[in-house]
Every structure is written in C-alpha cells, then in structure tokens.
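A.B. asks: Okay, here's the structure, questions in a sec.
The values are calculated or read from the model by the stated rules, or taken from the named source; none is laboratory data. Only a predicted model underlies this, so the values are computations on that prediction, with no experimental measurement involved. Backbone-built Cβ (ideal geometry, glycine too); neighbour counts: all protein chains shown. Areas reflect the complete protein model, heavy atoms only, side chains present, ligands, DNA and RNA absent. Shrake-Rupley method; radii C 1.70, N 1.55, O 1.52, S 1.80 Å.
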Amino acid sequence: MKTKRLLIHILLVIISFLFLIPFIWIIITSLKGRVEVLTSYSFLIKQFRFENYVNAWEAANFAWQFLNSMIVAVSVTIGQILTSALAGYALARINFRGRKVVFMIVLSTLIIPFHILIVPLFVMLSKFGWINTYQGLIIPMVANGFGIFLFRQFFIKVPWELEEAAAIDGAGRWSTLWRVVFPQVRPAAGTLFVFTFVAEWNNLFKWLIFTNSTDMRNVQLGLSVFQEQFSTNYVQLMAAVIIITIPTLLLFIVGQKKLIQGISLGGVKG
Amino acid sequence: MLEVKELTKKFKQTVACKDINFKVDDGEFFVLLGPSGCGKTTVLRLIAGLETLDRGNIISNNMSLNEVDTQDRNVAMVFQNYALYPNMTVRKNLEFPLKMRKTDKNRIPEIIEEIAGLLQMAEFLDKKAVKLSGGQQQRVAVGRALVRKPEIFLLDEPLSNLDAKLRQHLRVELARIHKELNITTVYVTHDQAEAMTLGDRILVLKKGEIQQVGVPEDIYESPANLFVAQFIGFPEINLFETELREGKFKIMGTDAKIKKYSKIGNKKVIAAIRPEDIEIIDSGNGIQAQLEIKEVSGPDTILYLKKDDKQIRLRVSKEKRDLIPEEKEAVELKIEPDKVMLYDYESKKLIKP
Ligand SMILES: Nc1ncnc2c1ncn2[C@@H]1O[C@H](COP(=O)(O)OP(=O)(O)OP(=O)(O)O)[C@@H](O)[C@H]1O
Ligand SMILES: [Mg+2]
C-alpha cells in the first residue's frame, strides 16, 4: 500500500517535471544575456541579468497593455458569470415554454468554434463602429454556452426545499436567489472565473481582428514588439512572458481548490 | 383558526388528496397520520402555498389564503430534511425569517437569544448549519420556523430521520415547546406512537382520503373503519370473520353476545379485538390456542398464537406474565365481549349500535 503510493508520487513528480521544463526554460532564458541565449543551450546561467525584466517592461507599453487586458478580461469574466448564473437558473428551475429547445440551442453553441463567428462578428462590430473599442472586445463575449451549462448543472443539484424554505421565511424571488440559491453554486462561479479569465487574458486572435490601433493592444499583442525586423529579442520576450503569466498563475494558485471542486461537480454527469 | 375545505390536488393521474375537510382550533396540535404516499405532505404543502390547489379552500382567521403567496402567508414549516441554509451559521439561519419580515434590527439579537434558550441551541449558534448533528439540525429547523411566531406551524415528519432515543427526546421537547408557545400546529407523521402522544386530535389519511378525525382515545378505542383499526396499535388488531345474529356471534370457536348489538339485523361482520383485550387464563375452560412466539416489549410481552391456522396477537401486561407458557405450548384465552368491535363485512365500517 505504502510503496504503491510512493510509486505513484514518483511518477507524478516526473510527469509534472516534464510539464515544467518549458516553463523552467523560459525562466532561464529570461535571465541570460542576449548573446548567451543564442550560443549556449545550457541550463546554467553565466550571469543573472534581472535587468531584462525592467527593460522588457519599458520596451513595450506594458502598463497600458496590462490595463487593456485587465479591463476586458475582468469585464468579460464578470459579465459571463452574471449571464450564466441567471440563464442557468432559468434553465434549471423555471418551467417556461420551450425550455428544452433553448437548452439544446445553448448546448449546440458549444460545438461552434469561435473562428467561424469572427467574420460576421467583425462586420457587425464595424457597423456599430465598435472596432478599437472596449465594448467591441467585451460585449460579444459576455454570454457563453459553457458558462450557462455549468451553472445549470449546479442549480439542478440545489434542493428545491431551500427555495421553498426561503419563500416560507418570507423571502421574495430576488432575496431567495441572492441569499439562498447563489451561495450554493459558488464553485461554479469560481470555476468559470478562472476559465474565462485565463482564456481572455491569453486571447490574441480577437485582439488581432477587432483592433488595429497601438493604443488598443493587450499584453499578448504587446509581445510582438520583441520581434524586431531581423531578429527576436528572446531574453526580453521571455521576461515579458513571465510578467504577463503572473496574473493567471496567481489566479490558479488562489482558485485551485474551488476549480477542482467545480470541474468534478459540474461535470457532464449531472 | 385554520380551516381546510374540500382540499383536492392531483398530480397528473395520481390523486394526492381528495375532498379533505378539517378545522384546527387556535393553539391546537393537529396530527395528520397515514402510511407513506397517502398525501400528508401534499396537504401540508397546500396549506403553505407551495403547491397550487385544484379545488378547495384554505381559511385562516376567516380569511381565504387561496390567493396569498407563500411568503405572505403567516405560516412556518419544518421540512422532513430540515432544509437549513447550508451556507449560513445557525444564527444566520434563525435571523433570516426575521430579516425577511423586516423585524426591527435592534430586537433581533434578543429574539434569537430567546429562541436559542427555548431550544437549547446556545452552544452551537455560531456553527455552520451543515456541521451539526441530525438532532441539532432538527432543533434549528424548528427554531427557524418558530422564531417569528407564525400563526400556523407546519411540521413534516420532523423526527423521522433521527434515531429512536433522540426521537423520543425531541418528541417530548416538541410537546413542551407547543405548550409554551401555543401555536396552532399541523404535524405530519406516519408513526402512530408519535401521533398518539403529541396530537390533541388526529386525522387519519389513506390514499388521499380522510378515514377518521378524532382525539387519540377515540381513534384507538373506536376506529371508524378496518383501515384505521389495523393501522393504529401494536401489535395489529385481531380480526375474525363471523356472522351476527340477534346480538350473538362466534369468535375463535366460542359464542359471544353483545347486548348493544342485539337490535342490529343479521349480517356478515368482522369482529375486531385489540391484543390487550384478550386475556390469558388458567381456569381450564377457556379458548385453547398454541403459543408460537413471544417478544418482550418493555413491561409488556407480545404473544403470537395460533388457533385454527389463524394468527392471534396478544399483549400481556407484567402482572399476568407468570401465566405465559413456553413457546409451542398450549395457552388458554378469554375474551371480554364488550371489548369486541364489529365492522360491516361489505363497507368495512364500524357498526354503531
Ligand atoms: N410533485 C409531484 N409530482 C407527482 N406526483 C407527486 C408529487 N408530489 C406527490 N406526488 C404523489 O402524490 C402522492 C402523495 O404524496 P405525498 O408526498 O403527499 O405523500 P406522503 O403521505 O407525504 O408520503 P410520505 O410519508 O412517503 O412522505 C404520492 O402518490 C406521490 O407520488
Ligand atoms: Mg411526505
């Protein structure tokens, strides 16, 4: 029993090391000199150059890009949680005509890749005059089939009696939802928060298509400054990559427990 | 006063309850008793407004509740699984109904204090509701229902999830609390012992229809029909098919006569006698039977006898214990004819002399 667990642990350590190698390589690269990177493949660093980080931060207009990324990622994430919670509740609990059909439509959106929508979306946004705007980057993303599905699965598992007890205790629909039902589905909100935030933070495609001014760049687009005409500044690029990974990394560390709970509870089983 | 008139509710094909009529007086403890699936919960949910009526009327204090939403009815309910708010502490659970009904904020701590004292919840007031034991959860559920002093208090089998000891204990507690607060109560149970000990009056339900309403003594001593007779009492009442002729009938092979029945015409009847109304004797001229099994039940002993291939059940009190023979041995019995109840063979209803 004990040896078996030990073996499993050793295996897990090896696998996680394999996953970590690229990350470690990025860190190492980000600390080397510009020439050293191109001439040596060693894991060892001759001289630690922490100034790469400062240079990287200054080379790109990072502060501004960070802000852009944050505004869009946070708005989309919160928007998605709100719409998903409300729609998920309706699909799980309110008996309206055509509920099944609506649910099927929501589910079917999950199999449509975003890339198919990009052209019609672009046309729409240009007609609205929303190219190069925050709303153009935010509004199309604030409702999402996955989020709705996730919340629906959670709401279905909340006992009816809780809502009935709240009604008996004198709570109206909103107080019931807000104080009694929503707290039961917090893991869904946590999961969706992490998923959506990370996806938005790492999004490059949307920004490439929907924006064209240098003011409306996000951190991912910002990385392009390190690709110079004839060469790529690898050390600063890697330093920049590390910097922009920090928010998502922090999110995973903080949200780890909730995330696992959310994935295992909200799974397709329900 | 709560009055229910012609309460009827169907779920697709199933009739959950039909033409239920009853009145509960102010401060009365009214029990709905019946086997699983007979519609007890449905009646309670209709009173609380959690289900819509197909037909009928629910009247509280001379006002119809039919069009009143659940949250505006001054009704509190304890659910079978308690339905405490799992994300809240016990205190928050208790405060919830007060806050929802806009109770003066300054008075809330004092009210919580009082209810916590009444239900002995002080030591776990600040624990999360999900972390409590079954008995503690039950107290909180009762507390949450009572904290705002509702006009009508509904309980749906609140003790059925607890172990026997705790059930006993909380049964007494409930009775005490009811005495103290005197709130009009409708209590649902399938446990006849609970119904008998708690109820001021009992309504017996079967398949959504009323069988009998009455005080516990009446329900036990003169069940209105064979269903009630068999459902109430342990061990089950003894039934014998027989023929009534001028007040005389045969029971277990011997003749019996009940004066009060002498005016009723000749007909096929079922004679019913409670297990404690059959006596063991040793005179040598009683009814002969054979003892199959004996079980101790507190101070009493339950006997399962055999007579003409029919099982006969007896409850023998401590004083008569010496007369009980070994299993498989013969027993001698005597029946007091006045204790026998006669039921019509066709309608299964009690024949009233
Ligand atoms: N929401 C519902 N949908 C369909 N049928 C229902 C519903 N609620 C109750 N029923 C049916 O109505 C009948 C009465 O149910 P009810 O829950 O009132 O019984 P009960 O006496 O409370 O039973 P138990 O002692 O098992 O709790 C049952 O046949 C049940 O299957
Ligand atoms: Mg029930």
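Residue by residue, here is whether (1) more than 14 Å from chain A (Cβ to nearest Cβ); (2) open to solvent by less than 10 Å² (accessible area, probe 1.4 Å); (3) more than 16 Å from ligand 1 (Cβ to nearest atom); (4) closer than 19 Å to B:GLU157 by Cβ holds:
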{"position": "B:MET1", "(1), (2), (3), (4)": "yes, no, yes, no"}
{"position": "B:GLN13", "(1), (2), (3), (4)": "yes, no, no, no"}
{"position": "B:ASP25", "(1), (2), (3), (4)": "yes, no, yes, no"}
{"position": "B:PRO35", "(1), (2), (3), (4)": "yes, no, no, yes"}
{"position": "B:ALA48", "(1), (2), (3), (4)": "no, yes, no, yes"}
{"position": "B:ASN57", "(1), (2), (3), (4)": "yes, no, yes, no"}
{"position": "B:ASN62", "(1), (2), (3), (4)": "yes, no, yes, no"}
{"position": "B:ASP69", "(1), (2), (3), (4)": "no, no, yes, no"}
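A.B. asks: Which of the helices (runs of 4 or more DSSP H) contained wholly in region A:127-198 include at least 3 residues that are more than 14 Å from chain B (Cβ to nearest Cβ)?
C.D. replies: By residue number, A:134-138, A:145-157.
A.B. asks: For region B:167-180, give me each residue that is free of Cβ contacts under 8 Å to residues at least 40 places away in the same chain and farther than 20 Å from B:LEU203 by Cα.
C.D. replies: B:ARG167, B:GLN168, B:HIS169, B:LEU170, B:VAL172, B:ARG176, B:LYS179
A.B. asks: Let me ask something else. Evaluate the following for A:PHE195: is it touching a helix residue (DSSP H, G or I) at 6+ places or on another chain (Cβ under 9 Å) and modelled with pLDDT of 95 or more?
C.D. replies: The answer is no for A:PHE195.
A.B. asks: Continuing with the same structure: Taking the residues in region B:190-208 that are of a type outside the set (S, T, N, Q) and away from ligand 2 (no atom under 16 Å from the Cβ) as candidates, determine which candidate is surrounded by the fewest Cβ atoms within 10 Å (Cβ to Cβ).
C.D. replies: Only one residue fits best here, namely B:ALA193.
A.B. asks: Separate question: Based on what the data block shows, is B:VAL43 away from chain A (no Cβ under 13 Å), open to solvent by less than 10 Å² (accessible area, probe 1.4 Å) and under 26 Å from the mean Cα position of the chain (by Cα)?
C.D. replies: yes
A.B. asks: For B:GLU279, state whether it is of a type in the set (Asp, Glu) and either exposed (fewer than 12 other Cβ atoms within 10 Å of the Cβ) or within 11 Å of B:LYS334 (Cα to Cα) (or both).
C.D. replies: yes
A.B. asks: Related question: Could you give me the residue pairs with C-beta distances under 6 Å whose first residue belongs to region B:31-48 and is among the basic types (Lys, Arg) and within 8 Å of ligand 2 (Cβ to nearest atom), whose second residue is in a loop (DSSP other than H, G, I, E, B) and modelled with pLDDT of 95 or more wherever it lies, and which are 6+ apart or on separate chains?
C.D. replies: Final answer for the pair search is B:LYS40/B:GLY34.
A.B. asks: Regarding B:ARG139, is this residue within 28 Å of the chain's Cα centre (by Cα), open to solvent by 10 Å² or more (accessible area, probe 1.4 Å) and at the interface with chain A (Cβ under 9 Å from one of its Cβ atoms)?
C.D. replies: Here the answer is no, as B:ARG139 does not meet what is asked.
A.B. asks: Does region B:81-95 contain any residue that is free of Cβ contacts under 8 Å to residues at least 60 places away in the same chain, polar (S, T, N, Q) and open to solvent by less than 10 Å² (accessible area, probe 1.4 Å)?
C.D. replies: For region B:81-95, residues free of Cβ contacts under 8 Å to residues at least 60 places away in the same chain, polar (S, T, N, Q) and open to solvent by less than 10 Å² (accessible area, probe 1.4 Å): present.
A.B. asks: Quick one: what pairs do we get from region B:155-166, first residue within 14 Å of chain A (Cβ to nearest Cβ), second within 13 Å of ligand 2 (Cβ to nearest atom) and open to solvent by less than 40 Å² (accessible area, probe 1.4 Å), C-beta under 6 Å, 6+ apart or different chains?
C.D. replies: Short answer, once both residue conditions are applied: B:LEU155/B:VAL78; B:LEU155/B:TYR187; B:ASP156/B:LEU44; B:ASP156/B:PHE79; B:ASP156/B:VAL188; B:GLU157/B:VAL188; B:GLU157/B:THR189; B:PRO158/B:VAL78.
A.B. asks: Applying the selection to region B:75-103, what residues are in a loop (DSSP other than H, G, I, E, B) and within 9 Å of another protein chain (Cβ to nearest Cβ)?
C.D. replies: Of everything in region B:75-103, those that are in a loop (DSSP other than H, G, I, E, B) and within 9 Å of another protein chain (Cβ to nearest Cβ) turn out to be B:PHE79, B:GLN80, B:ASN81, B:TYR82, B:ALA83, B:LEU84, B:TYR85, B:PRO86, B:ASN87, B:MET88, B:ARG101, B:LYS102.
A.B. asks: When you look at B:LYS250, is it without any contact (Cβ under 8 Å) to a residue 40 or more places away in the chain, open to solvent by 30 Å² or more (accessible area, probe 1.4 Å) and either under 22 Å from B:TYR304 (Cβ atoms) or basic (Lys, Arg) (or both), yes or no?
C.D. replies: yes
A.B. asks: Right, another one. Would you check which residues across region A:194-224 are within 14 Å of the chain's Cα centre (by Cα), over 14 Å from A:VAL72 (Cβ atoms) and open to solvent by 70 Å² or more (accessible area, probe 1.4 Å) and list them?
C.D. replies: Correct list: A:PHE195 only.
A.B. asks: Just to verify a result, which residue in region A:1-42, among those that are charged (D, E, K, R) and either open to solvent by 80 Å² or more (accessible area, probe 1.4 Å) or in a helix (DSSP H, G or I) (or both), is farthest from A:ASN233 (Cα to Cα)?
C.D. replies: Per the stated criteria, the residue is A:LYS2.
A.B. asks: Strands (runs of 3 or more DSSP E) wholly in region B:133-243 with at least 3 residues that are touching a helix residue (DSSP H, G or I) at 6+ places or on another chain (Cβ under 8 Å) - which ones?
C.D. replies: B:152-156, B:184-189, B:201-206
A.B. asks: Would it be correct to say that B:ALA164 is within 16 Å of ligand 2 (Cβ to nearest atom) and of a type in the set (Gly, Ala, Ser)?
C.D. replies: No.
A.B. asks: Kindly provide the set of residues from region A:209-260 that are touching a residue at least 40 places away in the same chain (Cβ under 8 Å) and aromatic (Phe, Trp, Tyr), ordered by number.
C.D. replies: Correct list: A:PHE210, A:PHE226, A:TYR234, A:PHE252.
A.B. asks: Please pick out the residue among B:ASN21, B:ASN74 that is modelled with pLDDT under 95 and away from ligand 2 (no atom under 16 Å from the Cβ).
C.D. replies: When all the criteria are applied, what remains is B:ASN74.
A.B. asks: All but one of (1) within 14 Å of chain A (Cβ to nearest Cβ); (2) more than 16 Å from ligand 1 (Cβ to nearest atom); (3) surrounded by fewer than 22 Cβ atoms within 10 Å (Cβ to Cβ) hold for B:ARG144; state the number of the condition that does not hold.
C.D. replies: Single failed check for B:ARG144: (3).
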